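Every read-out reported here was derived from the displayed coordinates using simple, explicitly stated rules and does not represent laboratory data. Everything numeric in this text was worked out from a predicted model, so none of it was measured. When we count neighbours, we look across all protein chains shown, and the Cβ atoms used for this are built from the backbone with ideal geometry, even at glycine.
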Amino acid sequence: MFYRSLFAITLSLCVAWLFSCAVSSEGPAREDYAPGTGPADQLKLPVPFATPSVRNTSKVIGWPKGRMPTPAPGFEVSLFAENLASPRQAYVLPNKDVLIVEARREWPDRPQKSANRITLFRDTNGDGKPDVREAFLTGLNMPHGMAVVGNWFYVGNTDAVVRYLWRGGTKIETKGEKILDLPAGGHYTRNLIADPAGKKIYVAVGSATNVDEQRIDAKDPRRAAILETNPDGSAMRVFAGGLRNPVGMDWEPRTKTLWTVVNERDLLGDDLVPDFLTSVKDGAFYGWPYSYFGQNEDPRKKGQRPDLVAKAIKPDYALGAHTAALGLAFYDSKTFPPRYHGGAFIGMHGSWNRSKMVGYKVAFVPFRNGKPAGPLEDILTGFIADESKYEAYGRPVGVTVAPDGSLLVADDAGGKVWRVSAKK
C-alpha cells in the first residue's frame, strides 16, 4: 500500500510538472489551439480533398430591431453608425474624425451598385456616438484603402491609387491625382497603409482568381502581392508576393513590422487552406498559387513551378480555413484591459466554401515580444442567425481602433458599424 501511494504521488507530481512546462513562458501547449489555428510550426494540416468541397453561401437577413452582436465577457457593444451602403472599413483622421468607406463589388448580373463614397463621422462631445455625418468624398471606383500623408489624402480604388490635396475639413472637393495604376477586377479591394515615417505607402492587391487556373495572375506580378511605392507613386516595387488576397494591414506596435491577414484559396475541402496572420518580410514569397503554408504543393498546380515552391516561406499564424480573414488592427490604445495591449484584432467575414459556417466574428490574437503568443479568442460573435439555413444577420469586415480606444467593426452586409468598448 505504501509503495502504491508513493507511486501515485510521484505520478501526480510528474503530470503537474509536465503541465507547468506546457504552459510556461514559451506559450500555450499545442492542444490549446483549435484545429487549423495557431503557429505555423505547430500546424497539422489534412490532405487535400479530405472532405468534399461545398458551396454554402450565406443568406444575410439583416439585424432585427434591438438585436446586436454578442461581445466577449468584459466588453460591451453599441451601434456607432447605421444606414450605410456596404461599409467596409474605418479610418481615423489626424483630427480624430472617423471615415467609413462604402463600396461593394459590382456584378454584371446583380442590381446592386457600389456607393463609391467615403463618409465622415464626428463625435463632438466624446460620448462615443457621432453627431456629425457628412459625405467626405464621392465619385470613386470601388474604394477601400485610405491614408493621410502630409497634406495628401490617399484612396485605394480598385484600379488605381489616387490622392487629393487636403488640409482639414469635412469634405474634399478638389480633383484627385492618379499616382499609381493597379490591376482591376478579381479580389477588388485595394488597401493602403503608410509607414510610420510617411516615406512609403504599401498597397495590398489580391489575385484575380482562386489558384490562377487561367494563368491571369502569373502575367502580372502586382497581383497577389503587397506593393511598395513612394508617396508620389514613383519607385513602385513588389514588397512581398504569393499572397492570394491580403487585405487587412497594420504595423505591430513594438517592432514596427508590417503584418497582414490573408484570405487563402478555396475548393480543397473543409479544412484547407487556413487563412493566416503573418509578418510581411521584404522580398518574401508566401506560396500562392503553387503551395500553401510553406512548401505544401497545391495538387492543382503540381509540377508547374518547383522553384517557387522551394522558395515559399511559412506564414506566422493560422486563423482557420475559410474564415475569410479580412480586417486587422493592432491595439495601440489603453482603455481595454492590459492583456489586449499590443495584440491583434481580426475581422472574419465568414465562410462560403465549407459544410459548417465559420468566421462571422471578430477574433483576437495576443502578442508578446512582437509575436503571436496564444490561441484565438472570440471578441464579437452573434452574426450567425441560423446555421441550419446558412443565415446571418451581418458580416464583419474591417476593424479599427477608435480615438477613444474602443474598437470599430464594419459590418458590410448589415449596413452598420459596431463599437466594442470595455465595461467600466
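Does Leu308 count as outside any helix (DSSP H, G or I), touching a strand residue (DSSP E or B) at 6+ places or on another chain (Cβ under 7 Å) and under 18 Å from Val262 (Cβ atoms)?
The answer is no for Leu308.
May I ask you to say which residue of Tyr154, Tyr164 is part of a strand (DSSP E or B), within 30 Å of Thr278 (Cα to Cα), in contact with a strand residue (DSSP E or B) (Cβ under 8 Å, 6 or more places away or on another chain) and of a type in the set (Phe, Trp, Tyr)?
From the options Tyr154, Tyr164, the qualifying one is Tyr154.
In the range 344-357, what count of residues is obtained for those that are crowded, with 22+ Cβ neighbours inside 10 Å and either under 17 Å from the mean Cα position of the chain (by Cα) or among the small types (Gly, Ala, Ser) (or both)?
8
Got a number for residues in the range 202-242 being aliphatic (A, V, I, L, M) and touching a Pro at 6+ places or on another chain (Cβ under 6 Å)? Let's see the steps before the verdict.
Filtering the range 202-242 for residues aliphatic (A, V, I, L, M) gives 203-205, 208, 211, 216, 218, 224-227, 235-236, 238, 240.
Still in the running and touching a Pro at 6+ places or on another chain (Cβ under 6 Å): 204, 211, 226, 238.
Residues flagged as aliphatic (A, V, I, L, M) and touching a Pro at 6+ places or on another chain (Cβ under 6 Å) within the range 202-242 amount to 4.
Residue under question is Asp97, and the condition is that it be in contact (Cβ under 8 Å) with a residue 40 or more places away in the chain, over 21 Å from Leu326 (Cβ atoms) and among the acidic types (Asp, Glu); does it hold?
Taking the combined requirement at face value, the residue satisfies it.
Mind listing just one residue for me: the one in the range 172-194 that is in contact with a strand residue (DSSP E or B) (Cβ under 6 Å, 6 or more places away or on another chain) and part of a loop (DSSP other than H, G, I, E, B) and, of those, surrounded by the fewest Cβ atoms within 10 Å (Cβ to Cβ)?
Thr174
Filter the range 131-159 down to residues that are at positive phi and touching a residue at least 24 places away in the same chain (Cβ under 8 Å), then give me how many there are. Give the derivation first.
Our first condition is that a residue be at positive phi; within the range 131-159, this holds for 139, 142, 150.
Restricting the remaining residues to those that are touching a residue at least 24 places away in the same chain (Cβ under 8 Å) gives 142, 150.
Result for the range 131-159: 2.
Could you check the range 90-144 and list, in sequence order, the residues that are β-branched (Val, Ile, Thr), farther than 24 Å from Leu192 by Cα and part of a loop (DSSP other than H, G, I, E, B)? Give the derivation first.
Going through the range 90-144, the residues β-branched (Val, Ile, Thr) turn out to be 92, 98, 100-101, 118-119, 124, 132, 138.
Remaining after also requiring farther than 24 Å from Leu192 by Cα: 124, 132.
Passing the criteria: only Thr124.
Is there any pair linking a residue in the range 359-374 that is closer than 18 Å to Pro274 by Cβ to one that is surrounded by fewer than 17 Cβ atoms within 10 Å (Cβ to Cβ) and of a type outside the set (D, E, K, R), with Cβ under 7 Å and at least six apart or on different chains, and which?
Lys361/Thr381
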